[in-house]
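Engineer: Before anything else, here's the structure in question.
Read-outs: derived from the displayed coordinates by stated rules, not from any lab. Being a predicted model, the structure only gives us computed values, none of them experimental. Here Cβ is always computed from backbone atoms with ideal geometry, including for glycine, and neighbour counts include all displayed protein chains.
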Amino acid sequence: MMLGGGAGLALGAWLGPRWQDPELAVLVTALGLVGSTFLALLKALIVPLVVSSIVLGVCRLGSAGGVARLAGATALYFLATTTAAVLTGLVLVQTVGPGRGGAGLPEAAASPLAERTPLEAVAELVRGMFPQNLVAAAGEGNVLGLIVFSLLFGAALARIGARGETLAQALEGVNEALMLFVRGLVWLAPLGILGLVAERMGRAGGGAAALEEVTRLGAYALTVVLGLAVHACVTLPALLWLLTRRSPLRYASGLAEALLTALGTASSAATLPLTMRGVVEKNGVAPRAADFVLPVGTTVNMDGTALYEAVAVVFIAQTLGIELSFEQLVLVAITATLAAVGAAAIPEAGLITMVLVLEAVDLPAEGIGLLLSIDWILDRLRTTVNVWGDAVGAAVIERALPEGT
């Protein structure tokens with residue numbers, strides 16, 4: 001998979017200036033087809049995996065007290081790690097000051113994103129939790145709605161006792177079949193990542209164009225990368241070691257397939273099948289924790305996205321010559337945390353929710369236009385951190401549950 005990603009970068013860098021060359025049309029089409037097919041196969045597993053995993057996870061807990069304990073511990077972990085990520089980003093961006101001395105927004109930097117008030121965004125999030133049609137929700141990618149339904153259905157199934165055992169056993173069979181499918185899909189991952197990375201790099205203009213954009217916003221990109229590195233390599237490993245006594249390096253090596261796929265696809269939802277395989281099969285985390293924490297975390301726990309949004313908003317303010325007050329920074333921290341919860345587990349979803357954070361401190365949404373040129377690069381890094389945070393959470397929550405639950 002690492003070779004596939006490296007080959008994709010090299011091929012995309014070479015293809016960039018030649019992307020529209022008719023003689024290379026077959027190669028360009030083939031790359032797009034390989035990458036999109038791999039991504040489609042991963043995404044096809046999301047709905048059945050989320051539903052079966054969460055229903056089984058709740059059923060395995062049995063009592064309402066066990067479900068409440070699991071949900072409470074999971075919510076506490078998600079809130080703590082997301083808050084830590086946001087604070088890390090704010091401290092770094094205030095210290096480095098990547099946007100200070102900026103000349104304001106260029107005229108061509110207008111954002112194409114539709115404006116929404118924070119209240120409208122919250123209302124939309126709540127509506128999405130209770131879809132009228134589950135089939136439509138599955139087709140629209142409304143994973144949050146499926147999660148809420150699965151939680152309620154799993155609790156109801158546990159309450160009816162032996163009468164629900166047949167369905168629970170059937171769902172266990174579904175889960176095992178899906179994991180078998182995932183193990184087969186892993187063999188396609190190197191080619192899939194090669195196609196995805198090469199196509200994205202080629203469409204961006206190749207290695208020289210990407211390097212030029214990163215250099216132009218170098219201080220900002222460095223601040224984001226440094227913040228993500230601190231959270232991924234210091235905060236999360238420290239939690240993993242202190243709370244579970246697991247080796248962070250060994251745990252990460254068991255998740256190599258999932259982390260590399262997250263880096264290649266920029267989608268934590270598409271990576272979910274491989275994350276579950278790495279957490280349960282390779283790291284030995286109990287399914288009773290992983291089946292609940294990972295699907296929920298894919299939707300609501302986005303440490304990397306929250307950190308990125310906090311850094312980006314302060315950077316935009318600095319570029320405009322605005323120094324945010326302490327009260328405004330607190331507001332950024334709160335809204336970035338909440339906005340990350342509402343960000344879909346799809347590529348570049350953080351750009352959409354960032355509008356809410358900008359509006360909370362009266363900054364123009366057009367500031368997002370400054371970041372569009374390199375967001376596709378940073379998106380892959382923050383998605384990888386999101387997946388790593390979910391995986392660490394599964395191990396932490398497993399230790400928080402008493403034996404037998």
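Engineer: Could the peptides 41-49, 233-241, 271-279, 83-91 be put in order, highest first, of the mean number of other beta-carbon atoms found within 10 Å of their residues?
Structural biologist: On the way: 41-49: 18.9, 233-241: 17.3, 271-279: 27.6, 83-91: 22.8.
Averaged packing, sorted descending, gives the order 271-279, 83-91, 41-49, 233-241.
Engineer: Given a Förster distance of 30 angstrom, what is the FRET efficiency for residue 247 paired with residue 33, based on the Cβ-Cβ distance and rounded to 0.05?
Structural biologist: Efficiency at R0 = 30 Å is approximately 0.15.
Engineer: Rounded to the nearest 500, what is the chain's calculated 222 nm mean residue ellipticity when only DSSP H runs of at least 4 contribute -39500 (n - 2.57) each, over all residues? Present the calculation step by step, with values, prior to reporting the outcome.
Structural biologist: Details: 20 runs with 302 residues, N = 405.
The helix contribution divided over the chain gives -24500 deg cm²/dmol.
Engineer: Right, next: Using a simple charge model, +1 on the beta-carbon of Lys and Arg, -1 on the beta-carbon of Asp and Glu, nothing else, what dipole does the chain show about its Cα centre, in debye to the nearest 20?
Structural biologist: Value, rounded to 20: 1220 debye.
Engineer: What's the extension gain from residue 23 to residue 168 if we count 0.36 nm per residue and subtract their Cα-Cα distance?
Structural biologist: Value of the extension gain: 46.7 nm.
Engineer: Taking the mean number of other Cβ atoms within 10 Å as a proxy for protection, how do you rank 167-173, 280-286, 143-149 from highest to lowest?
Structural biologist: Ranked from most to least packed, the peptides come out as 143-149, 280-286, 167-173.
Engineer: On the principal axes of its Cα set, how long, how wide and how thick is segment 167-284? Give whole Å, largest value first.
Structural biologist: So the three principal-axis extents are 56, 37, 23 Å.
Engineer: Same structure again: Taking only Cα atoms and a 10 Å spring cutoff, compute GNM fluctuations for the chain and point out the largest among 250, 18, 200.
Structural biologist: 250
Engineer: Between residue 225 and residue 160, what is the spin-label point distance in nm, taking each point 7 Å from the Cα along the Cα→C-beta axis?
Structural biologist: Computed distance between label sites residue 225 and residue 160 equals 5.4 nm.
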